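The values are calculated or read from the model by the stated rules, or taken from the named source; none is laboratory data. These numbers come from a predicted model, not from an experiment. Cβ atoms come from the backbone with ideal geometry, glycine included; neighbour counts cover every protein chain shown.
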Amino acid sequence: MKQKLFILVIAGLSSANAYAQSDFDFSQRWFNESLYNPAAVGNSLSTGFFLHTRSQWLGLDGAPITLAGAFDYFNQPLHSGFGATVAADYIGVYQTYNFRLAYAYYMQFASGAMMSFGLSAGVLARHTDINAAQLDEPGDPVVDYNRDKEYTPDFDFGLEYKGAFKFGVTVRHIGVRAMADSRYAPSVNIWAYLSSRFNITRSMSVEPIASFTYRRDIYRAEAGALLYFFKTRNLHTYNDRFWIGAVYRSDHNIALLAGMNLTSRIRIGYSFDYGVDDVVNIATYGTHELFFAYQFNRQFYKDVCCPALRN
């Protein structure tokens with residue numbers, strides 16, 4: 001048996017760090033809230049797609065790998081956003097897949113601020129492949145060799161306000177039925193987030209960010225800031241060239257983020273996470289994440305009273 005792999009799986013399933021493997025967890029979520037909140041589908045008022053990849057706890061056999069892709073579309077005449085998300089999460093012998101379709105309805109206030117309400121529906125699937133562990137002693141009575149693929153319906157609901165500040169809250173995995181291993185199956189959880197953006201100079205702005213996550217017996221708060229450089233004063237474009245940032249999480253994890261807009265349509269981002277708890281300390285190379293976005297007509301806070309875009 002690969003000892004490190006089973007140490008990882010057991011630790012991941014029995015500690016607060018199971019959050020990432022129970023519900024995919026991206027540090028770059030601040031650039032694509034629709035991964036978690038259906039009310040954020042179309043919140044860039046454009047059409048685009050996003051790709052995320054996260055390799056966690058590198059240096060360990062069977063370390064978690066998460067892949068996700070999202071598409072969203074905003075229809076101005078219908079005041080609506082439409083989207084789809086596909087995600088795959090791998091940790092050791094466990095494989096989890098999630099597919100969701102999402103819809104959001106937008107209301108605009110006289111001030112230019114917007115409020116949206118969203119609902120998503122999909123399917124959550126989990127598969128256990130004991131053979132992937134390459135056991136040295138097959139037939140171990142502790143190991144369940146007969147676990148079949150499992151499926152369950154999955155629903156999310158959320159709301160988002162975007163004006164002088166951005167606030168969102170989403171309730172996820174409504175209606176998920178129990179799976180054979182209840183420690184691994186996602187349970188109903190709540191994610192709330194808050195951010196705003198302020199000018200520092202004519203070419204630099206700062207965005208304080210904060211969020212709170214609740215899942216079963218796990219509570220996690222995070223706070224940080226993103227710095228944007230070489231931005232324009234044009235209200236109708238998203239033209240920050242670079243950004244850097246840092247986020248601290250209450251589960252003793254620090255994420256460093258950086259990225260750039262290659263063009264007015266293409267954005268890329270990278271983050272490095274490092275934790276100080278016992279499980280993460282046995283990983284050699286930390287956690288790495290890549291983000292790619294292509295948006296056909298990206299517009300950041302168009303006609304919205306974001307402080308950083310005020311004259």
- Query: TYR36: of a type outside the set (D, E, K, R), modelled with pLDDT of 90 or more, under 21 Å from ALA121 (Cβ atoms) and surrounded by fewer than 21 Cβ atoms within 10 Å (Cβ to Cβ), yes or no?
  - Reply: no
Per the list (1) buried (at least 20 other Cβ atoms within 10 Å of the Cβ); (2) at pLDDT below 90, residue check on LYS149 breaks on (1)
Cβ pairs under 7 Å, 6+ apart or interchain, first in segment 211-227 and over 21 Å from ASN199 (Cβ atoms), second modelled with pLDDT under 85 and charged (D, E, K, R), ordered by first then second residue, are ARG215/ASP23; ARG220/ASP251
Here is a check on your reading of the model: is TYR270 of a type in the set (Ser, Thr, Tyr) and at pLDDT 95 or above?
yes
Exception for SER211 within (1) crowded, with 17+ Cβ neighbours inside 10 Å; (2) at pLDDT below 75; (3) not acidic (Asp, Glu) falls at (2)
